Structures are given as C-alpha cells and as structure tokens.
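What follows is a single structure, written as structure tokens, with notes after it.
The values are calculated or read from the model by the stated rules, or taken from the named source; none is laboratory data. Just so it is clear, the structure is predicted and the values come from calculations on it, not from any experiment. So basically every Cβ, Gly included, is an ideal-geometry build from the backbone, and we count neighbours across all protein chains shown. All accessible areas refer to the heavy atoms of the entire protein, side chains included, with ligands and DNA or RNA removed. Shrake-Rupley method; radii C 1.70, N 1.55, O 1.52, S 1.80 Å.
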Amino acid sequence: MGTMPEAYPHLILNNFKTKVSLSLLANSCTYWKMDSVCERTVYILKHLFPVPKPDTKQIITFANQSDYISFRHHIYEKSGGPKSIELKEIGPQFELCLYQVKLGTVDQSEAQVEWVIRPYMNMSKKRKFLGD
C-alpha cells in the first residue's frame, strides 16, 4: 500500500448497464425501474467526487459484478516507454451492495424512496438490476 495523494481522482465506472430482453419489454414498469436504478447509481457515484485535473495520477474504480459494486483505489506511474504504465493499489478495497435509493439528501428524514431491494420478490436468480 502506498501513500494517499490529496488530488481529486479520475473515475472508472465499469459494467453499469442493463440488458433489455423481450420479457422485460412486456412490463414497461419493471424496465423503467431497472434502467432508472442503473442511471441513478452512476449519477450518484459520479457526483461524489469533484472533477479532477488532467495531470492527476489517482484512479478510483467502481466495478459492478452481479449487483455488487467493487471499490478499488490506484495510482499509476509511467515507467519505461510511452505505452508502459504501472498500477499501484494505494487504498481501501471493499464491496458495496445497493439496498435503497432515496430522492433527496442524507439529512432529509422524509425523503421519497425511489428504489429498494426486495430479495424475496425476484422471479429469477439471474435478474440483475445494475448490469450483466
């Protein structure tokens, strides 16, 4: 683990997409909620961090796999030739599971709930809300 820079990081948001299948088109409400959750999650993650300067070497990755979001923190260094880049992990790594999206801020006690996970309501184990 390296030292933590104070510069604003570049963000990589990986695999935040939904597949539209024929079965979902039959129920447009289900499709809207799945697409909305994906877009809102990306919107929230993007706005957690200010816009970085172009020369910042810090990278934060949010990677979605099976509706679990992995957080990784790296810096990169150019070593050797122009196409040679070395990644060094510097910070915490953890997994996130989205369980509720509210419309509003944290300090609002009566914020409207946009989406909430209902694990026993899924018809299929293969249904994913955030991506493949």
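Of all accessible surface on segment 69-119 at a 1.4 Å probe, what whole percent is carbon and sulfur?
Heavy-atom surface of segment 69-119 belonging to carbon and sulfur, 1.4 Å probe: 53 percent.
Under the rule of at least 5 residues apart or a separate chain, name every residue whose amide H is placed under 5 Å from the amide H of LYS102.
Under 5 Å from the amide H of LYS102: GLU114.
If I stretch the segment between LYS78 and TYR8 completely, what's the gain in nm (0.36 nm per residue apart, minus their alpha carbon distance), one decimal?
Taking LYS78 through TYR8 to full extension adds about 23.3 nm, to one decimal.
Could you tell me whether segment 40-88 comes out rounded, prolate or oblate from its Cα gyration tensor? Rule is a ≥ b ≥ c as square roots of the eigenvalues, rounded for a/c under 1.5, then prolate if a/b exceeds b/c, otherwise oblate.
Numbers: a/c = 3.34, a/b = 1.68, b/c = 1.99.
Judged from the Cα gyration tensor, segment 40-88 comes out oblate (a/c at least 1.5, b/c at or above a/b).
Sorting check: for 71-80, 106-115, 86-95, which peptide has the highest mean count of neighbouring beta carbons within 10 Å, and how do the rest follow?
Listed from highest to lowest mean packing, they are 71-80, 86-95, 106-115.
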